[in-house]
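Read through the structure below, which is laid out as structure tokens, and then see the notes.
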Amino acid sequence: MFSLRFPPRGSLRRDLFFSTADAAAYSVMIGCGETYLAAFALALGLGPIVAGMMASVPLLVGAIVQLGAPLAVARVGGNRRWVMLCTIVQAVSFLPFVGWALRGRAEAWQLLVAASLYWSAGMAGVPAWTAWTAGLVPARIRTGYFAQRNRIGQAAVFAGFVLGGTMLEAEDTQHKPLIGFALLFAVAGCARLVSTACLWACRERNRQRVGLAESKTVVQRLTAAVRDMRGGGAGPLVLFLCCFSFGAQFAGPYFTPYMLEALGFTYGQYLLVFGAGFLVKALLLPSIGRFGSRLGPWRLLARASVAIVPLALLWLPSRNVGWLIVVQFLAGTCWAAYELSVALLFFEIAGDRDRSGIVTAYTLGLSVATVSGAACGGLLLRSLGETPQAYAVVFAASSLLRAAALPLLRRVRSAT
């Protein structure tokens, strides 16, 4: 008689299983929730600039909030507890979006506040999750495990994105697109609760107890993290990633408004184009992981970064859906390699003791770069009239800014 043997409690296999399940559920939330926040702003008639702000401003708010995460970890008694608390808050943050979708209206500031709560909860848990996971996954299997985990996560993002697009397309044909948004935001919140349950099933190995009396202030921790980065290999890496992200985010938040407003795509066409990027990530991540193991994380980062530079320009030669799907296949491959290399470099460069602080400082710097890039791109877009030609200028400027950051890779190489 067939029986399913589940990994025994307290085993590494069980921890890795639930960590992967967490990634899958979390990614479903991203696919049918986070990726449609900008589209929701457009559906409410708030315009492309607000849609761009939805993908950038809440990140900065979240980065500032997460500065207090170390003290919060000390208060709740461990990384695991703090991460689970953050995930519950993030799940609840979808409730107002459901309400506004059912009501059919919302103010821009309301969307930004709710999105800021979502991002604050998510980002506040990142340093603690990184420290927790670093102690959970042995160094000898990290490259292969995270490649596989990321692959499953990308497949789940794709599944969530397809589910969301299908819901919106079905409701749009009945002239009720906002009902579709209410449904997919509800699914996103439930998926995050499933993710929380998976995290609860994972152990916290090498748990560090921090007394409140020993807790440093936010300024002291941030200063110490910056000092550690300047004296170690993480500094050049963080500097490059922030500069490169500024260039990428100059155009990144405006691809959705470009398709849905400038090109007049339906939700079905939007689904086909953006879904292609998620799908190729899921399919190719194992191969990218094996390639990265042979090449090394720094060389993988360098090659991926160079390949990412011209991607925004490839949106300009044609408005054909088939062409843009090909562009997204290429983009998905490049960004998958980039994201995997960044994760591996942080595990490699940052030591166990300073990893959480460095990730906190990096997240703040990345968020500032993201908001600055999106704001500059939005100002340029608005000044040029938000026409298809204006989008073309923004996309071209983004590629030039990405290229300008590439010389900083030399400093990363010397530090690794």
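The values are calculated or read from the model by the stated rules, or taken from the named source; none is laboratory data. On a predicted model such as this, the values are computed, not experimentally measured, just so you know. In this analysis, Cβ positions are derived from the backbone assuming ideal geometry, glycine residues included, and neighbour counts consider all displayed protein chains. Side chains included, ligands, DNA and RNA excluded: accessible areas come from the protein's heavy atoms. Shrake-Rupley method; radii C 1.70, N 1.55, O 1.52, S 1.80 Å.
With only Lys, Arg, Asp and Glu charged, each at its Cβ (+1 for the first two, -1 for the last two), find how big the charge dipole of the range 258-353 is about the Cα centre; round to the nearest 20 debye. Provide the component values of the computation, followed by the final result.
Values: 7 positive and 4 negative charges, 56 e Å.
So the dipole magnitude of the range 258-353 works out to roughly 280 debye.
Let me know the charge dipole size of the chain about its Cα centre in debye, to the nearest 20, where only the beta-carbon of Lys, Arg (+1) and Asp, Glu (-1) is charged. Please list the in-between numbers first.
Details: 36 positive and 16 negative charges, 334 e Å.
Approximately 1600 debye in magnitude.
Remind me, relative contact order of the chain in percent, using alpha carbon pairs under 8 angstrom and six or more residues apart? It would help to have the intermediate numbers written out before the result.
Working: 651 pairs, mean separation 109.9, N = 416.
In percent, rounded to a whole number, it is 26.
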Overall dimensions of the chain as given by Cα atoms, namely Rg and Dmax in Å
20.8, 70
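Determine the per residue accessible area of the chain with all protein chains present and a 1.4 angstrom probe, expressed in square angstrom. Don't skip to the end; give the middle numbers.
Values: 18070 Å² over 416 residues.
Each residue of the chain exposes 43 Å² on average to a 1.4 Å probe.
Dipole of the range 293-404, Cα-centred, from +1 at each Lys and Arg C-beta and -1 at each Asp and Glu C-beta, to the nearest 20 debye?
200
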Taking the simple approach of a point 7 Å from Cα along Cα-to-Cβ for both Trp109 and Val76, what is their distance in nm?
3.0
Farthest toward the dipole's positive end in the chain, which of Ala91, Val113, Gly77, given Cβ charges of +1 (Lys, Arg) and -1 (Asp, Glu) about the Cα centre?
Gly77
For Lys176, Lys281, write out the residues from largest to smallest accessible area, computed with a 1.4 angstrom probe and no ligands counted.
Lys176, Lys281
Given a 10 angstrom Cα cut-off, can you work out which residue in Ala131, Ala404, Ala63 is the most mobile in a GNM of the chain?
Ala404
